[in-house]
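Just so you know, all these numbers are worked out from the coordinates, no wet-lab data involved. Worth saying up front: this structure is predicted, and the values here are computed from it rather than measured. As a convention, Cβ positions derive from the backbone with ideal geometry for all residues, glycine included, and neighbour counts pool all protein chains shown.
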Amino acid sequence: MRPLIIIRRIPNINFMGLRKAGFVLSLILTIGSLGLFFTRGLNYGIDFSGGTIIEARSISGPADLAAMRAALDGLGLGDVSLQNFGSPDDVLIRLQRQPGGDKEQEQAVELVKQKLGSSVEYRRTEVVGPTVGAELIKAGTEATVLALLAIAIYVWFRFEWPFGVGAMLSTLHDTITTIGLFSLLQIEFNLTTLAAILTIAGYSINDTVVIYDRVRETMRRYKSMDFTELINKSLNETLSRTILTVSTTTLAVLSLLIFGGEVLRGFSIAMLWGIVVGTYSSLFIAAPMLYYIRPKRGAIKSADAGEAPAASGKP
């Protein structure tokens with residue numbers, strides 16, 4: 001079977017010539033994202049801030065969200081959001097946490113049921129308290145940090161410690177800028193979004209490991225090649241695979257964004273951004289970092305019996 005070829009001739013793009021511009025852009029994005037997070041914050045969903053989720057189904061056909069929203073707005077329950085999920089008959093009702101304890105939350109649910117009447121079938125009611133929300137924020141933060149450390153350790157043991165540093169910095173960059181995007185657009189940040197961030201970390205490191213593997217292979221073959229040229233060669237040789245991966249993943253995520261409904265909107269936006277920034281960080285952060293934190297060529301054994309000629313830096 002012949003392999004699928006996206007780029008028939010290996011290009012000669014000078015990625016390393018753009019490394020300083022890439023670092024400056026990444027620094028601006030990272031500082032801006034941190035600034036937005038600490039000043040504007042995130043629009044935490046009920047998973048983190050606390051509140052009530054009611055899963056309902058309209059018995060009379062497709063749910064009229066405008067009429068239902070108008071009816072519930074007059075109850076004085078604060079922020080009430082409604083959205084379709086699954087079929088047009090299914091509605092997800094979110095109520096902000098009411099002042100008081102569990103009794104007040106139950107009273108709010110009863111008010112909603114009385115107002116919507118018998119035309120709606122209630123399938124699930126879930127109350128998330130502020131304590132649970134705080135615990136979820138803590139657990140989510142710990143999960144993200146541990147994932148980044150695990151990625152760095154994995155790359156360190158598979159390659160060398162300079163590779164691990166580059167991988168962790170690029171993945172941290174992707175995570176921070178994704179959080180900054182959600183802070184800027186004030187898209188609801190919930191457990192699904194957190195899952196998307198961890199998925200982005202996995203996607204980004206997958207692309208980075210492929211590039212690092214090619215860098216290591218090129219180091220074995222051309223031990224005297226200029227390191228800038230070596231990294232450029234590795235990036236250009238893996239560019240076809242990068243384009244193929246980005247294209248197929250983007251098509252899948254766009255399908256989720258267009259047809260997944262409001263429930264998957266935050267997840268899809270995070271993934272779409274993650275594809276772009278993850279590819280960018282692999283090309284302009286992870287790989288160029290090796291130029292500054294250079295692995296020892298002597299530690300990487302030659303895979304071939306003889307060393308390939310490297311006087312001109314070409315095979």
Next on the checklist: Taking each pair of distinct Cα atoms in the range 130-194 once, what is the resulting Kirkwood hydrodynamic radius in Å?
Outcome noted: 13.2
Next on the checklist: Using DSSP H assignments, which helices in the chain have an axial alpha-carbon span of 20 Å or above and a mean Kyte-Doolittle hydropathy of 1.6 or higher?
Outcome noted: 239-259
Checklist entry - Where does each of 247-259, 282-294 land if you order them by average Cβ count within 10 Å, highest first? => result 282-294, 247-259
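List the relative contact order of the chain as a percent without decimals, with contacts defined as Cα pairs under 8 Å and 6+ residues apart. Could you put the intermediate results ahead of the total?
Values: 430 pairs, mean separation 80.5, N = 315.
Normalised by residue count, the contact order of the chain is 26 percent.
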Checklist entry - In Å and whole numbers, how far do the C-alpha atoms of the range 100-253 stretch along each principal axis, longest first? => result 77, 32, 26
Next on the checklist: Under 10 Å, Cα contacts only: if you run a Gaussian network model on the chain, which one of Arg94, Arg40, Arg124 comes out with the highest mean-square fluctuation?
Outcome noted: Arg124
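Rg to Rh for the range 51-128: what is it, with Cα atoms only and Rh by Kirkwood?
Ratio value, two decimals: 0.94.
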Checklist outcome for this item: Given 213-220, 10-17, 56-63, the highest-first ranking by average Cβ count within 10 Å works out to 213-220, 56-63, 10-17
Checklist outcome for this item: Arg123 neighbourhood, Cβ < 10 Å, K/R = +1, D/E = -1, net charge -1
Item to check | Alpha-carbon Rg with Dmax, taken over the chain, Å | outcome: 25.0, 82
Checklist outcome for this item: Over its alpha-carbon atoms, the range 59-98 yields an Rg and a Dmax in Å of 10.7, 31
Item to check | Cα centroid separation, the range 50-127 to the range 251-291 (Å) | outcome: 33
Checklist outcome for this item: Highest mean packing first, using Cβ neighbours within 10 angstrom, the peptides 147-156, 187-196 sort as 187-196, 147-156
